[in-house]
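Reading through the structure tokens given below for one structure.
FYI, it's all coordinate maths here, none of it is from the lab. For clarity, every value in this text was computed on a predicted model and none was experimentally measured. Note: ideal-geometry Cβ built from the backbone for every residue, glycine included; neighbour counts use all protein chains shown.
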Ligand SMILES: Cc1cc2nc3c(=O)[nH]c(=O)nc-3n(C[C@H](O)[C@H](O)[C@H](O)COP(=O)(O)OP(=O)(O)OC[C@H]3O[C@@H](n4cnc5c(N)ncnc54)[C@H](O)[C@@H]3O)c2cc1C
């Protein structure tokens, strides 16, 4: 790294925002996945868009890599500074700049967390709701949208990049780009009818610019909300039931979790054993309405479809309302309200967490669930699996999760090996890993259309001719 950068940044931002002590550098070197750590040279704590502009102008002049980061929980190693340079921490830019209740949008900075949004809306705009993932509450909304994440309204509204109305982005040369209605100072309630410039920053892992403001969609809160749980003993029947149910378009969210996920909630570290009498997975679903009669009729439809499957020999326990479940077992309160912290995935003895999370066709859910379970068991790991339909069933999520010991090299290798086997299986089935780690791009390079690769690389080069933005990621 060009050593001039430190003094140049201190001159522009002040000493307090530029750190290179050993503890800070260690903190930003890696994440909780098996992806190897990098070696950052400096960490800059940005407070304002001007700070980001100053960093990029100097880094561009001196050809120093810049890695934007918020909470670094993407689980793909995407904010690991693999080529060193400046880690640009955006967590201090955490202002909710506007919530427009009538036009249903919020303008936020990159450091705003799910918890910030939830508390702010509850207090100031209880008529509006937002979509929450299973990510820890103190992680970033804006990076999640840029990575096209998934949340508890994704069954209705798709993945998160669809909910972006407009952006303000600091380009690698320091210029500020405004997209959508931001471009002329209008109300950022949609990105139509403008060219979709947001697409240059979604799925690009911070390699094309640093987003400093985003307008995101909000939706009307409903008076009555219900979350129910179902224990299921057969994969085919469960997914059949789910596919039938989503075609009724009554659920806000629907998800299935394999049994080991539940066992981990109850305190087991890596539960590989399943008693044949135990369920294979449990499903949860949310539905809501402003009218009680509507809520009741939704429940009737769920019961009716369930009965059809029971008549065919399927066995389910439930549905149970979440409140009843919590009364029986208080540890289920983790699933009562989102955002929530799934501490059993984070605070276990090994500290490591990784996954292959994929988007693909729901028609292959059953096969992916079963093959993934076999692969994980073959590696001696519990099949911790999440499956969720998205956007009315147009596609779905299959995610295979591994907890491991970050300090044990052999365990890290095992986590990497199972991820590769799972990804091979998933890609062959027609699923592709989201929040895509570099190893995935490399592994399936030969399957990617060469023109796709060339266009992606040309976009990156046009936006960032010096190649300073998050180098080592999204390299095709
Ligand atoms: C237990 C657990 C459960 C999770 N569940 C879910 C889930 O249900 N759904 C889901 O979608 N995700 C989930 N996640 C993943 C992750 O927590 C979320 O996606 C989170 O919102 C990401 O925010 P972050 O602040 O950690 O982003 P970071 O990891 O800091 O950043 C992500 C990427 O965006 C880039 N970036 C960050 N800020 C900017 C910016 N301003 N401009 C340009 N690029 C930028 C970074 O360089 C990096 O490439 C989960 C994670 C954990 C640990």
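Find the relative contact order for the stretch 73-129 and round it to a whole percent, using C-alpha pairs within less than 8 Å whose residues are 6+ positions apart.
Values: 44 pairs, mean separation 14.8, N = 57.
Result for the stretch 73-129 is 26 percent.
Give me the three principal axis extents of the chain from the C-alpha atoms, as integers in angstrom, largest value leading.
Principal extents (Cα only, largest first): 72, 54, 44 Å.
With a/c under 1.5 counting as rounded, go ahead and sort the stretch 355-429 into rounded, prolate or oblate using the C-alpha gyration tensor (a ≥ b ≥ c being the square roots of the eigenvalues; past the cut-off, prolate if a/b is larger than b/c, else oblate).
Working: a/c = 2.51, a/b = 2.11, b/c = 1.19.
Prolate is the answer for the stretch 355-429, as a/c is 1.5 or above and a/b outweighs b/c.
Please label the shape of the stretch 308-435 as rounded, prolate or oblate, based on the square roots a ≥ b ≥ c of the eigenvalues of the alpha-carbon gyration tensor (a/c under 1.5 means rounded; beyond that, a/b larger than b/c means prolate, else oblate). Please report the intermediate quantities before stating the final value.
On the way: a/c = 1.85, a/b = 1.17, b/c = 1.59.
Oblate shape, in that a/c is at least 1.5 and b/c is the bigger or equal ratio.
Please report, to two decimal places, log10 I(q)/I(0) for the stretch 258-312 at q = 0.19 Å⁻¹ as given by the Debye formula with identical point scatterers on the Cα atoms and no solvent.
-0.80
Helix 409-429 against the longest principal axis of the chain: what's the angle in degrees, Cα atoms only, rounded to the nearest 10?
The angle comes out near 70 degrees.
With angles folded into 0 to 90 degrees, how steeply does helix 365-378 sit against the dominant principal axis of the chain? Use alpha carbons for both and round to 10.
80
Please compute the Cα-Cα pair-distance distribution of the stretch 4-89 with 10 Å bins starting at 0, giving whole percents from short to long.
19, 53, 25, 3
Let me know the Rg and Dmax you get for the stretch 250-366 when you use only its Cα atoms, in Å.
Taking only Cα atoms of the stretch 250-366, I get Rg and Dmax of 16.4, 48 Å.
Got a sec? How would 468, 32, 301 order by Cβ neighbour count within 10 Å, fewest to most? Could you put the intermediate results ahead of the total?
Numbers: 468 23, 32 19, 301 14.
Result, fewest neighbours first: 301, 32, 468.
In µm²/s, what is D for the stretch 187-234 at 4 °C and 1.567 mPa s, where D = kT/(6 pi eta Rh) by Stokes-Einstein and Rh is the Kirkwood radius from Cα pairs?
Working: Rh = 15.3 Å.
Calculated translational D: 85 µm²/s.
Please give the helix 450-463 orientation as an angle from the longest Cα principal axis of the chain, in degrees from 0 to 90, rounded to the nearest 10.
That helix lies at roughly 50 degrees to the long axis.
If you bin every alpha carbon distance in the stretch 224-433 into 10 Å steps from zero, what whole percent lands in each bin?
Reading upward from the zero bin: 8, 33, 37, 18, 4, 0.
Over the stretch 4-89, what relative contact order in percent results from Cα pairs under 8 Å that are six or more residues apart? If you can, show how the numbers build up before the last one.
Details: 139 pairs, mean separation 31.3, N = 86.
Rounded, it is 36 percent for the stretch 4-89.
Return 252, 449 ranked ascending by Cβ neighbour count within 10 Å, so the fewest neighbours appear first. Before the final figure, lay out the partial values.
Numbers: 252 22, 449 8.
With the fewest neighbours first, 252, 449 line up as 449, 252.
At a threshold of 8 angstrom on Cα-Cα distance, excluding pairs fewer than six apart, so keeping six or more, what relative contact order does the stretch 20-69 reach in percent?
Values: 23 pairs, mean separation 12.4, N = 50.
Relative contact order for the stretch 20-69 comes out at 25 percent.
Between residue 300 and residue 334, how high is the FRET efficiency from 1/(1 + (r/R0)^6) when r is the Cβ-Cβ distance and R₀ = 30 Å? Nearest 0.05.
On the way: r = 29 Å, r/R0 = 0.95.
The value I calculate is 0.55.
Among 34-41, 53-60, what's the highest-first ranking by average C-beta atoms within 10 angstrom per residue?
Details: 34-41: 19.0, 53-60: 22.6.
By packing density, highest mean first, the sequence is 53-60, 34-41.
Per 10 Å bin, what is the whole-percent P(r) computed from every C-alpha pair distance within the stretch 96-220?
Taking all Cα pairs of the stretch 96-220, the binned fractions are 14, 48, 33, 5, 0 percent.
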